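Each remark here refers to the structure printed beneath this line.
Just so it is clear, none of the values below were taken in a lab; they were calculated from the coordinates. Every value quoted in this text rests on a predicted model; they were computed, and no experiment measured them. Glycine also receives a Cβ, built like all others from the backbone with ideal geometry; neighbour counts cover every protein chain displayed.
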Amino acid sequence: MLLTKDLSYKHSETFSIEDINIEIKKGEIVSLIGPNGSGKSTMLRIISNLLKPMGGAVLLDGNEIQTLSRKGIAKKLAMLPQIQNYNLDLTVRELVEFGRNPHKGWFQSLNEEDEQIIDWALEVTSLQSYEYRFLQSLSGGERQRAWIAMAIAQRPKVLLLDEPTTYLDIAHQLEVMELVQMLNERFDMTIVIVLHDINQAAQHSDRIIVLKDGQIHYNGNAQTVICKQMFQEIFEIDVEIYHDGNKPFFKPIRRQEKFIFSTK
Ligand code: ADP
Ligand code: MG
């Protein structure tokens, strides 16, 4: 479905990503984890053709992404960036309408089918009763769902989500994760999602890719990736690993001997 071949990109002398080879299969949910500044957003931006790689290529359904038009990409792949512009003076429905743009020609207005797809996107995200509300009037969780509704109105096969849960409380984080899982199961969307909550990544994804300093350090299912060594190597913390069925989860061990704050 989605393949990167020897991707490289250099932001500055101090940060580059190099030789990134990943393969995302149709129907997978893949979590991307790693410390702040490890290159997760850069990776998603290259995969969605917002940044041109300096080396290598991204293949979407076998086609090199740079040979596809912007609209051609958007019909197959939707990307939800890390920080959306929350000051947009739009209603929920108006935002979701933008999701139909890739399917329309210049000056072509929305037709019956577009309206049905917009209704569908609002229904899937439980936003029917919010369609005429302005984005500024929504809670964080509702707003995030509105952006997801816009993304899925594109009818993408692949959905890229950059930290969709970061600023939400736990209940709304769960709501987003359940929505993502539902999009995957019911509508067969392939998902690549950046998460900071590693337990959530372990719980909800088929595969976890761990980035540090612009390189892939681990790539596999939760059982193989979630281990003490990974936390030491990537995050420099000690953890205990537990299991709930076949899903691992972790708890940090308190670093008494390395206490970094003055107690005075
Ligand atoms: P993550 O999403 O994992 O936190 P990013 O991909 O946003 O990491 O950033 C990786 C590194 O690249 C960081 O050190 C960041 O400061 C740097 N970086 C990101 N965007 C730019 C840019 N437009 N220009 C220069 N450096 C950038
Ligand atoms: Mg980021």
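For region 110-264, the residue among Gly141, Phe231, Leu160 whose Cα projects farthest onto the positive side of the dipole built from Cβ charges is Phe231.
Where both bridge residues fall in the chain, DSSP classifies roughly 60% of the beta bridges as antiparallel. Placing R0 at 51 angstrom, the Cβ-Cβ distance between Trp106 and Asn246 gives a FRET efficiency of 0.50 after rounding to 0.05.
Hand me the tally of lysine pairs in region 49-205: alpha carbons under 15 angstrom apart, and the pair either on different chains or 8 or more positions apart.
The number of close lysine pairs in region 49-205 is 6.
The region of the chain that goes longest without hitting one of the chymotrypsin sites (Phe, Trp or Tyr not before Pro) in a DSSP loop, each with at most 11 other Cβ atoms within 10 Å, is 133-258. Run the paramagnetic zone check for Glu185: 7 angstrom along Cα to Cβ, then residues of region 196-214 with backbone nitrogen under 13 Å. Correct set: 204-205.
Size descriptors for region 1-65 (Cα atoms only): Rg and Dmax, in that order, 11.6, 37 Å. Identify which of Gly141, Gly220, Gly105 has the largest mean-square fluctuation in a Gaussian network model of the chain, with springs joining Cα atoms closer than 10 Å. Of Gly141, Gly220, Gly105, the Gaussian network model singles out Gly105 as fluctuating most.
3J(HN,Hα) couplings calculated from phi for region 52-57 with the Karplus curve 6.51 cos²θ - 1.76 cosθ + 1.60 (θ = phi - 60°) are, in sequence order, 8, x, 8, x, x, 8 Hz; Gly and Pro show x.
Ellipticity at 222 nm from helices only: DSSP H runs of n ≥ 4 in the chain, each -39500 (n - 2.57), divided by the residue count, give -8500 deg cm²/dmol.
What is the distance in Å between the Cα centres of region 149-177 and region 198-261? Measuring centre to centre over Cα atoms gives 22 Å. Placing unit charges on the Cβ atoms only, positive for Lys and Arg and negative for Asp and Glu, gives region 114-244 a dipole magnitude near 240 debye about its Cα centre. Taken over the chain, the alpha-carbon convex hull comes to 164 cubic angstrom per residue. Here's the list of aspartates and glutamates a cross-link from Lys228 could span, going by alpha-carbon distance under 13 Å and ignoring same-chain residues fewer than 8 apart: Glu236, Asp238, Glu240. If the segment from His196 to Ser129 were pulled out straight at 0.36 nm per residue, it would be longer than the present Cα-Cα gap by 21.0 nm.
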